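Visitor: Before we start, here is the structure in question, set down as structure tokens.
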Amino acid sequence: MGAMGAAEPLQSVLWVKQQRCAVSLEPARALLRWWRSPEPGPSAPDPDAYSVPVSEIIAVEEKEVHQKQSSNGRWHRMENPFAFTVHCVKRARHHRWKWARVTFWSADEQLCQLWLQTLRELLENLTSRPKHLLVFINPFGGKGQGKHIYEKKVAPLFTLASITTEIIITEHANQAKETLYEINTDSYDGIVCVGGDGMFSEVLHGVIGKTQQSAGVDPNHPRAVLVPSTLRIGIIPAGSTDCVCYSTVGTNDAETSALHIIIGDSLAIDVSSVHHNSTLLRYSVSLLGYGFYGDLIKDSEKKRWMGLVRYDFSGLKAFLSHQYYEGTVSFLPAQHTVGSPRDQKPCRAGCSVCRQSKRQLEEEQKKALYGLENAEEVEEWQVVCGKFLAINSTNMSCACPRSPGGLSPFAHLGDGSSDLILIRKCSRFNFLRFLIRHTNQEDQFGFTFVEVYRVKKFQFTSKHVEDDDNDLKELEKQKFGQICKDNPPCACPTSRSSWNCDGEVLHSPAIEVRVHCQLVRLFARGIEEES
């Protein structure tokens with residue numbers, strides 16, 4: 001039997017378990033299919049045919065056959081049975097992926113070898129797959145199960161897929177970030193972090209920072225155009241909330257994430273830079289929250305001895321204190337985006353909103369680049385002054401097991417914008433109603449005291465800004481002072497909150513935030529529509 005051409009379909013009759021099956025491989029469609037075929041000859045596919053895209057095959061291996069496999073199977077009567085096993089992705093409920101195995105049998109050794117050779121050649125041509133990865137494991141995050149999860153659920157799959165790894169078990173905070181600045185990452189196809197959102201944030205800062213350093217970009221400049229990184233980041237969830245993983249894959253299951261890494265999925269996501277007085281404070285991909293969420297994270301940091309329950313305790317404490325803060329929020333609406341925070345269109349794999357919004361944003365940038373219009377002059381900033389219980393900015397839905405919809409269910413991962421959510425001072429009962437809606441399907445923005453805007457930049461200044469914030473304060477006066485002159489002063493408390501930046505505390509109340517469209521790539525594909 002001759003070798004198969006590059007686009008020539010291959011169809012044979014093979015055994016799967018105890019059934020004779022017709023098996024076909026169509027290189028043009030990159031699809032492996034099989035279906036029951038009671039008759040010896042080839043047959044047409046039936047509606048119950050199984051199919052696996054070649055892109056979702058993990059590996060193909062020859063199976064050693066030394067003994068009868070079944071007392072009642074048909075192939076045990078073969079004098080010299082031959083077999084090969086296809087390891088592939090199988091979809092389960094709630095966006096989970098599982099490792100599945102299908103073994104095909106035949107009495108014809110040459111036929112089995114042809115199938116093996118053909119499938120392996122197709123897998124070799126999948127250039128998006130990683131071959132060598134740098135893995136950081138946080139042994140302390142979440143429930144302290146990072147190392148165990150990696151060794152039990154991830155390492156065997158990487159070995160099966162012939163992925164080689166270099167593993168670093170972190171011993172202190174920021175070790176991953178520091179390492180990425182120091183080493184040459186050219187030999188790696190990606191960086192994998194095993195841990196929670198904090199571990200991911202470390203790797204994110206290392207990857208972005210090293211990229212800007214190599215490109216000669218000053219990240220402290222608020223208007224700097226950041227260079228996207230070519231290194232993809234993989235997340236093996238082992239934390240307390242795993243918000244980033246949940247919002248980009250749809251589940252916080254380690255096996256699912258490992259399979260996305262193996263098949264080489266790629267998803268570009270937005271990143272926000274947070275500045276204070278021309279100094280970069282941090283990057284954010286999920287939640288940037290002042291007021292309620294800032295108080296929560298600041299208090300929980302003092303109670304690490306309580307374990308994960310500290311978040312519940314600090315959340316209750318922040319709710320009961322019902323502290324509000326006065327300040328000014330100025331923002332630039334994201335006019336380039338084709339979506340809105342309440343359009344009922346969630347971000348999904350292959351998202352058209354992200355694709356079209358990025359295209360329109362690039363057109364805006366081209367016009368500014370060629371001097372057709374001065375972006376800073378024509379941009380129409382909006383200003384909101386008042387007393388707020390919380391000010392939240394999300395680059396993604398911020399979904400997690402406790403809040404399946406997240407803080408902004410229809411936020412998009414790569415549209416070059418963030419959803420700015422303002423919760424004005426209201427009664428404790430109304431605020432509770434708002435928080436409860438994060439756990440159900442009701443519209444959490446359907447309150448008179450809640451405002452939501454899709455923005456590409458925003459600034460915030462607390463009424464009780466410190467003396468060293470004078471530069472930003474003066475900028476606010478120049479740009480927006482006239483608008484806020486008519487707002488009557490309010491007798492608000494003299495205290496001030498902190499910012500919760502992806503689970504880390506930022507103490508400066510005056511910040512400037514800018515969204516960088518699709519700055520980093522993850523080993524993910526977005527949340528798939530469930531059939």
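The values are calculated or read from the model by the stated rules, or taken from the named source; none is laboratory data. Just so we're clear, the structure is a prediction, and the values are computed from it rather than from any experiment. Cβ placement follows ideal geometry from the backbone for every residue including glycine, while neighbour counts extend to all protein chains displayed. Ligands, DNA and RNA are excluded from the accessible area calculation, which covers all protein heavy atoms including side chains. Shrake-Rupley method; radii C 1.70, N 1.55, O 1.52, S 1.80 Å.
Visitor: For the structure I just gave you, tell me whether ARG93 is surrounded by 17 or more Cβ atoms within 10 Å (Cβ to Cβ) and assigned to a loop (DSSP other than H, G, I, E, B).
Guide: no
Visitor: Another one. Filter the stretch 318-361 down to the residues that are part of a helix (DSSP H, G or I) and under 21 Å from GLN444 (Cα atoms) and list them by number.
Guide: Correct list: ALA318, PHE319, LEU320.
Visitor: Then there is this: Yes or no: ILE261 β-branched (Val, Ile, Thr), modelled with pLDDT of 95 or more, buried (at least 24 other Cβ atoms within 10 Å of the Cβ) and under 22 Å from ALA161 (Cα atoms)?
Guide: For ILE261, the condition - β-branched (Val, Ile, Thr), modelled with pLDDT of 95 or more, buried (at least 24 other Cβ atoms within 10 Å of the Cβ) and under 22 Å from ALA161 (Cα atoms) - is met.
Visitor: Working only within the stretch 168-186, note down all residues that are of a type outside the set (D, E, K, R) and either within 15 Å of LEU204 (Cα to Cα) or open to solvent by less than 70 Å² (accessible area, probe 1.4 Å) (or both).
Guide: ILE168, ILE169, THR170, ALA173, ASN174, GLN175, ALA176, THR179, LEU180, TYR181, ILE183, THR185
Visitor: Within the bounds of the stretch 182-197, is there any residue that is within 18 Å of ASP270 (Cα to Cα) and modelled with pLDDT under 95?
Guide: Within the stretch 182-197, one or more residues are within 18 Å of ASP270 (Cα to Cα) and modelled with pLDDT under 95.
Visitor: Considering only residues that are outside any loop (DSSP other than H, G, I, E, B) and over 22 Å from the mean Cα position of the chain (by Cα), which ones fall in the stretch 180-225?
Guide: Residues satisfying the conditions are TYR181, GLU182, GLN213, SER214, ALA215.
Visitor: For the list (1) open to solvent by 50 Å² or more (accessible area, probe 1.4 Å); (2) over 25 Å from ASP502 (Cβ atoms); (3) among the polar types (S, T, N, Q), I need the number of the one condition that THR439 fails.
Guide: Evaluating THR439 over (1) open to solvent by 50 Å² or more (accessible area, probe 1.4 Å); (2) over 25 Å from ASP502 (Cβ atoms); (3) among the polar types (S, T, N, Q) leaves (2) as the failure.
Visitor: Can you pull out the residues in the stretch 325-371 that are open to solvent by less than 60 Å² (accessible area, probe 1.4 Å) and aromatic (Phe, Trp, Tyr)?
Guide: TYR325, PHE331
Visitor: Then there's this: Name the residue that is modelled with the highest pLDDT, counting only residues in the stretch 2-42 that are in contact with a helix residue (DSSP H, G or I) (Cβ under 6 Å, 6 or more places away or on another chain) and in a loop (DSSP other than H, G, I, E, B).
Guide: ALA30
Visitor: If you don't mind, another one. Which ones in the stretch 410-444 are at pLDDT 95 or above and either assigned to a loop (DSSP other than H, G, I, E, B) or not assigned by the TED database to the domain that holds GLN323 (or both)?
Guide: PHE410, ALA411, HIS412, LEU413, GLY414, ASP415, GLY416, SER417, LYS425, CYS426, SER427
Visitor: Which condition number in (1) open to solvent by 50 Å² or more (accessible area, probe 1.4 Å); (2) part of a loop (DSSP other than H, G, I, E, B); (3) of a type in the set (Ser, Thr, Tyr) is the one that SER397 fails?
Guide: (1)
Visitor: Please report, ordered by residue number, the strands (runs of 3 or more DSSP E) entirely within the stretch 241-305 with at least 2 residues that are within 30 Å of GLU124 (Cβ to Cβ).
Guide: By residue number, 267-276.
Visitor: Mind checking whether some residue in the stretch 102-123 is open to solvent by 70 Å² or more (accessible area, probe 1.4 Å), within 21 Å of the chain's Cα centre (by Cα) and basic (Lys, Arg)?
Guide: No, that holds for no residue.
Visitor: Still on this structure, I have one more. Looking at the stretch 374-394, which of the residues that are part of a loop (DSSP other than H, G, I, E, B) and within 17 Å of PHE331 (Cβ to Cβ) is modelled with the lowest pLDDT?
Guide: Looking at the filtered set, the residue picked out is GLU379.
Visitor: Search the stretch 227-250 for residues being polar (S, T, N, Q) and surrounded by 21 or more Cβ atoms within 10 Å (Cβ to Cβ), and hand back the single one that is nearest to the chain's Cα centre (by Cα).
Guide: THR248
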